[in-house]
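Worksheet: the structure to be examined is printed underneath.
The values are calculated or read from the model by the stated rules, or taken from the named source; none is laboratory data. All values derive from a computational prediction rather than experimental measurement. Here the Cβ positions follow ideal geometry from the backbone for every residue, glycine too, while neighbour counts run over all protein chains shown. Remember, those area values only see protein heavy atoms, side chains included, never the ligands or the DNA or RNA. Shrake-Rupley method; radii C 1.70, N 1.55, O 1.52, S 1.80 Å.
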Amino acid sequence: MTVTGPATDVSTIPATVARLRAAFDSGRTTPLEWRRAQLHRLRTLVTEHERELLDALAADVGKPPIEAYAADLGFVTGDVDLALKHLDRWTRPRRVRTPMTSQPAKSSIVREPLGVVLVIAPWNYPIQLQLAPMVAAIAAGNAVVAKPSEVSPRCSALLGRLIPEYLDPEAIAVVEGGVTETTALLDERFDHIFYTGNGRVARVVMAAAARNLTPVTLELGGKSPTIVARDAKIELAARRIAWGKFLNAGQTCIAPDYVLVDRAVEEPLLDALASTVRKFYGADPRHSPDYARIVNDTHFRRLEKLLHDGRTVVGGETYEAARYIAPTILADVSPDAPVMDEEIFGPILPVIAVDGVGEAISFVRERDKPLALYVFTESDEIADLAVAETSSGGVCVNATLLHIANTELPFGGVGESGMGAYHGESGFETFSHHKSVMRRSTRLDPPVMYPPYRRWKERVLRRVL
Ligand code: NAD
């Protein structure tokens, strides 16, 4: 991907990281007052520049304002509010029991910041995916380098300007650019790297992290399946699937990638999906103010090639100058077709008929573990079976996408869809070291575990261990 946005001079990167490390080592970022102040400032950044941020999101990905507000800005302010509300509780040492052999003593788990962390973001939700991990990292008391995606250049430039203006420049910095700048960043030593993007680059990030034994969180993607059982409420399933798929023109990591529908309800589902698309976006979605565009020409051309991998039920139209691809439903898709090969990441939904939920589960199990799995059914047994028999980052029953909006649920992948998780307290935990602390009393010092070992000591130990 060519760099189209602003880029930081790579020769400044080592000094930037060194400045942040000095700030962290001085203890600047540890006090809860610093964390709270930064979180408040981050909130103000978003609220005071709402218009500019929405415009940048519209310019980069053609995001409708409501989607941009809900999925990018509102998401971040909600995250800030949650962190501010629970910071005291999250940071309080957690008392745990102490075994008899170590008594008298007290044991606790202390959360300590990791140090200087790097947050590399992608372009599809460029504000949310840059700032939400930063909320967690700041709440946990870390210094942070932010690396926005060059594929969303206006959002990158805006964050590059606003973050140093609002947040403590001694401890929080932005590096802009593409492969060259990120490669230079990855030459530095960090205490955690949080990467959101594709699996190919994730391997580059993880290899670079390995040089310094730096832990990583990898928030990746994949083909998230949607299973529609024969007892599902078809109209409702169609609405919820179409919403999750065509939001941001399908450029969502947890968008339903394809549908496995029970053959008995295939035709009603296809009809319902087609009529839902018309209801949502009108007869010609090109004129809908509620429908986003493809991020750039490379992705446009990639997606255009996938439009003919089945029978078009609805959509199929493209308009290159505006990077428009109509919301498209494909039927009679072969499992070997290119559209079923890689993550689609665009507004094309292949629907494959299967003979029951068992076959759908086998289909999912034969492929990489996805980031999300959706199942539509009125039966608890079928929902339980799908949860138990498949592995994915998360599951929604009779819904799409919404598990990401519950901050009580850790968000992350498994296998090819990533490692580690964040959101709410799980984000705070990701950016914290969980330090085990035991404080032993000096009032007593039973000799039982000290040499010389004797039979009686062994007997006591065998009784208590
Ligand atoms: P992208 O092209 O914006 O790349 C992501 C980041 O990686 C950018 O900051 C980019 O500068 C950097 N990068 C690119 N090449 C690099 C290299 N060779 N070395 C180091 N850094 C490099 O975004 P993308 O990868 O196209 O994002 C889409 C993917 O991300 C999809 O697979 C999607 O499912 C996934 N995704 C996952 C989540 C999640 O939360 N799990 C969220 C959004 C997107």
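Take each of the peptides 256-263, 100-107, average the number of other beta-carbon atoms within 10 Å over its residues, and list them starting from the highest. Write out the running numbers ahead of the final one.
Working: 256-263: 23.8, 100-107: 13.1.
Result, highest mean first: 256-263, 100-107.
Give the calculated FRET efficiency between D341 and V204 to the nearest 0.05, with a Förster radius of 25 Å applied to their Cβ-Cβ distance.
Values: r = 22 Å, r/R0 = 0.86.
The computed FRET efficiency comes out at 0.70.
Hey, can you find the accessible area per residue of the stretch 329-465 for me, probe 1.4 Å, expressed in square angstrom? Write down the numbers at each step before the final one.
Numbers: 7360 Å² over 137 residues.
Result: 54 Å² per residue.
Name the residue from V313, G358, S334 whose Cα lies farthest towards the positive end of the charge dipole of the stretch 225-412, charges +1 on Cβ of Lys and Arg and -1 on Cβ of Asp and Glu.
V313
What whole-number value in Å² describes the accessible area per residue of the stretch 40-159 for a 1.4 Å probe?
Working: 4140 Å² over 120 residues.
Ligands and nucleic acids excluded, the result is 35 Å² per residue.
Using amide H atoms built 1.01 Å from N in the peptide plane, name the residues 5+ places from E150, or on other chains, whose amide H lies under 5 Å from its own.
G177
Give the peptides 248-254, 56-62 in descending order of average Cβ contacts within 10 Å, highest first.
Working: 248-254: 26.0, 56-62: 22.4.
Highest to lowest by the protection proxy: 248-254, 56-62.
Carbon-plus-sulfur fraction of the accessible area of the chain, 1.4 Å probe, in percent? Present the calculation step by step, with values, prior to reporting the outcome.
Numbers: 10940 of 20370 Å².
C and S atoms contribute 54 percent here.
Only bridges whose two residues both fall in the chain count here: according to DSSP, what percent of them are antiparallel, nearest 5?
Working: 20 of 55 bridges.
Percentage antiparallel, nearest 5: 35.
Starting from the Cα-Cα distance between V96 and R36, subtract it from 0.36 nm times their residue separation and give me the gain in nm to one decimal. Walk me through the numbers before you get to the answer.
On the way: separation 60, 0.36 × 60 = 21.60 nm, distance 2.72 nm.
Between V96 and R36, full extension yields 18.9 nm more.
Can you give the FRET efficiency to the nearest 0.05 for V460 and S436, using r as the Cβ-Cβ distance and R₀ = 25 Å?
That gives a FRET efficiency of 0.50.
What does the charge dipole of the chain about its Cα centre add up to, to the nearest 20 debye, if the Cβ of each Lys and Arg holds +1 and the Cβ of each Asp and Glu holds -1?
Working: 53 positive and 58 negative charges, 618 e Å.
Computed about the Cα centre, the dipole is about 2960 debye.
Quick one: of the DSSP bridges fully inside the stretch 294-378, what percent are antiparallel, nearest 5? Provide the component values of the computation, followed by the final result.
Working: 5 of 8 bridges.
Beta bridges within the stretch 294-378, antiparallel portion: roughly 60 percent.
Please state the charge dipole magnitude for the stretch 369-443, taken about the Cα centre, from unit charges on C-beta atoms (+1 on K and R, -1 on D and E), reported in debye and rounded to the nearest 20.
On the way: 5 positive and 9 negative charges, 186 e Å.
Charge dipole of the stretch 369-443: 900 debye, to the nearest 20.
Can you list the HN-Hα couplings for the stretch 182-191, worked out from phi with the Karplus curve (6.51, -1.76, 1.60; θ = phi - 60°), rounded to whole Hz and with x for Gly and Pro?
Listing the rounded values in order: 5, 4, 5, 4, 5, 6, 7, 8, 10, 9 Hz.
Under the 0.36 nm per residue contour assumption, what length would be gained going from the current alpha-carbon distance of D380 and E165 to full extension? The partial results should precede the final answer.
Numbers: separation 215, 0.36 × 215 = 77.40 nm, distance 5.13 nm.
Using 0.36 nm per residue and subtracting the Cα-Cα distance, I get 72.3 nm.
Can you tell me the dipole magnitude for the stretch 225-412 around its Cα centre, using point charges on the Cβ only (Lys, Arg +1; Asp, Glu -1), in Debye to the nearest 20? Could you put the intermediate results ahead of the total?
Details: 18 positive and 29 negative charges, 147 e Å.
Its charge dipole is roughly 700 debye.
Go through A388, A207, Y450 and say which Cα lies farthest out towards the positive end of the charge dipole of the chain; charges sit on Cβ, +1 for Lys and Arg, -1 for Asp and Glu.
Y450
What residues from the stretch 99-136 fall in the zone where the backbone N is under 18 Å from a label point 7 Å along the Cα-to-C-beta line of L444?
99-107
Label 7 Å along Cα→Cβ of A22; the stretch 149-191 residues with amide nitrogen under 16 Å?
Counting backbone N atoms under 16 Å from the label point, the list is 169-173.
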